[in-house]
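Read the structure below first, then the notes.
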Amino acid sequence: MSKKKRKLPALNASSMADISFLLLTFFLLVSSMDTDSGLARRLPPPPQDEDHQQTVDVQRRNLLVVLVNSKDETMVTSQVETEWYQNENELLGKGSKVSLKDKVKEFVLNTNNNPLLPELMEEDFGAPIGTVPVTGDHVISLQNDATTSYKTYISVQNELVKAYNELRQEAARKYFNMDYENLTEDQKNQINKLYPQRISEAEPKNFMGGN
Amino acid sequence: MPELNTSSMPDLVFAILFFFMVTTTMRSEELMVRLKLPTATEIQKLEKKSLVTYINIGPAMDPKYGTGTQMQLNDKFAQVEDIQDYIAQEKSSLNEADQQLMTVSIKADEDTRMRYISDVKQALRKAYALKISYSARKSEN
């Protein structure tokens with residue numbers, strides 16, 4: 001009898017699960033797993049000498065100029081043609097106009113070796129791509145007005161990136177018979193070398209009534 | 001019917017609990033500008049959070065600071081000229097190998113004028129923070 005009294009009474013731990021579930025739900029709700037995401041870009045290094053701003057000479061045929069003005073209209077001009085987009089729907093090709101994305105793809109590919117589009121150069125990209133002609137020197141110059149809205153600027157940027165992503169996806173299907181996202185790091189680098197993003201963001205100028 | 005032994009249940013739950021406690025990062029900075037991020041489809045996730053520096057741009061939440069575009073670095077409003085010091089300070093807090101990998105995430109309100117963004121971009125160039133990301137929300141089409 002006395003022996004039994006000295007024994008520690010067992011702690012009732014049945015509510016422990018409830019308490020820990022409560023804590024768990026609290027942290028589940030509080031923890032913000034939201035990772036930031038966005039369009040990655042690389043800025044050019046600052047000019048070494050303020051007075052001698054280096055200018056890179058680009059042949060006119062290698063240049064696709066995308067202008068966004070103060071009224072958020074977009075103009076895309078190559079040596080072949082010039083197209084105006086009044087609003088975002090036209091930019092996406094929802095109207096009767098060819099979308100900016102397709103314009104960019106046509107410009108980067110230059111499948112028909114048009115002398116007014118960027119010059120094609122044979123280059124070796126390693127197996128299994130081999131030596132293929134690419135427009136290695138093309139440049140897409142994105143210029144904006146000081147009063148262009150950030151929203152439009154981003155949607156234009158987005159279209160440019162989308163064009164490259166689609167080209168890369170097509171190349172991945174063609175050469176590796178796989179989706180781009182399933183490729184290994186090395187294979188991705190190969191494809192990226194095939195279609196490097198050559199977007200230049202110029203300093204803003206005043207176009208059409210911007211102040 | 002044999003009863004299920006649930007005595008290991010608290011241990012399991014505690015294990016999950018500790019996982020969440022360790023991974024969760026309490027939001028340390030309070031947003032002082034109104035941000036409605038633009039939408040985009042081709043966005044990429046920013047990989048390592050510790051390498052990302054944020055610049056928030058938008059109209060101030062508190063009307064006493066005016067209605068114009070303001071920039072928030074850490075917990076206070078700043079001018080474009082302050083960016084270089086801010087970047088240098090953030091850079092020095094990283095170890096040398098990671099300094100090149102530092103990414104600056106520009107979180108700007110979609111109604112911001114490009115003039116402001118361009119000024120910020122020029123300042124970032126001068127500060128040699130060349131890896132940037134235009135923060136955006138995922139949109140459907």
Practice task
Take region A:92-110 and flag every residue that is β-branched (Val, Ile, Thr) and more than 17 Å from A:ASP137 (Cβ to Cβ).
Solution key: A:VAL98
Exercise for the section: Can you give me the number of residues within region A:139-166 that are of a type in the set (A, V, I, L, M) and more than 21 Å from A:GLY38 (Cβ to Cβ)? Expected result: 2
Handout entry: Selected residue (criterion: farthest from A:LYS101 (Cα to Cα)) from residues of region B:27-43 that are within 11 Å of another protein chain (Cβ to nearest Cβ), of a type in the set (D, E, K, R) and more than 11 Å from the chain's Cα centre (by Cα)
Key = B:LYS36
Fill in the blank from the handout: Among (1) within 13 Å of another protein chain (Cβ to nearest Cβ); (2) within 13 Å of the chain's Cα centre (by Cα), B:ASP75 falls short only on (1)
Practice task
Please give the number of the condition A:ARG42 fails out of (1) facing chain B (nearest Cβ under 10 Å); (2) crowded, with 16+ Cβ neighbours inside 10 Å; (3) modelled with pLDDT of 85 or more.
Solution key: (2)
Handout entry: Qualifying positions in region B:122-139 - of a type in the set (D, E, K, R) and without any contact (Cβ under 8 Å) to a residue 12 or more places away in the chain
Key = B:ARG125
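A:SER70: crowded, with 19+ Cβ neighbours inside 10 Å and either within 14 Å of chain B (Cβ to nearest Cβ) or not in a helix (DSSP H, G or I) (or both), yes or no?
Values: crowded, with 19+ Cβ neighbours inside 10 Å: yes; either within 14 Å of chain B (Cβ to nearest Cβ) or not in a helix (DSSP H, G or I) (or both): yes.
Yes.
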Fill in the blank from the handout: Flagged pairs (Cβ under 8 angstrom, 6 or more apart or on separate chains; first in region B:17-39, farther than 16 Å from B:PRO59 by Cβ and modelled with pLDDT of 85 or more; second among the hydroxyl-bearing types (Ser, Thr, Tyr) and assigned to a helix (DSSP H, G or I)) are B:THR39/A:SER155
Exercise for the section: Go through region B:118-135 residue by residue and tally those that are touching a helix residue (DSSP H, G or I) at 6+ places or on another chain (Cβ under 6 Å) and part of a loop (DSSP other than H, G, I, E, B). Expected result: 2
Practice task
Filter region B:44-66 down to the residues that are more than 15 Å from the chain's Cα centre (by Cα) and closer than 15 Å to B:ALA108 by Cα, then identify the one that is nearest to the other protein chains (Cβ to nearest Cβ).
Solution key: B:PRO59
Problem - Those residues of region B:55-113 which are free of Cβ contacts under 8 Å to residues at least 60 places away in the same chain, basic (Lys, Arg) and closer than 16 Å to B:LYS36 by Cβ, in sequence order - result: B:ARG113
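Regarding region A:82-91, can at least one residue be identified that is assigned to a loop (DSSP other than H, G, I, E, B) and on the phi < 0 side of the Ramachandran plot?
Step one: filter region A:82-91 for residues assigned to a loop (DSSP other than H, G, I, E, B), giving A:86-87.
When the remaining residues are screened for being on the phi < 0 side of the Ramachandran plot, the result is A:86-87.
Yes, region A:82-91 has at least one match.
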Fill in the blank from the handout: Note on region B:87-118: residues surrounded by fewer than 20 Cβ atoms within 10 Å (Cβ to Cβ), more than 9 Å from every other protein chain (Cβ to nearest Cβ) and within 16 Å of B:MET71 (Cβ to Cβ) are B:GLN89
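The values are calculated or read from the model by the stated rules, or taken from the named source; none is laboratory data. As the structure is a computational prediction, the values presented were derived from the model and not from experiment. Here Cβ is always computed from backbone atoms with ideal geometry, including for glycine, and neighbour counts include all displayed protein chains.
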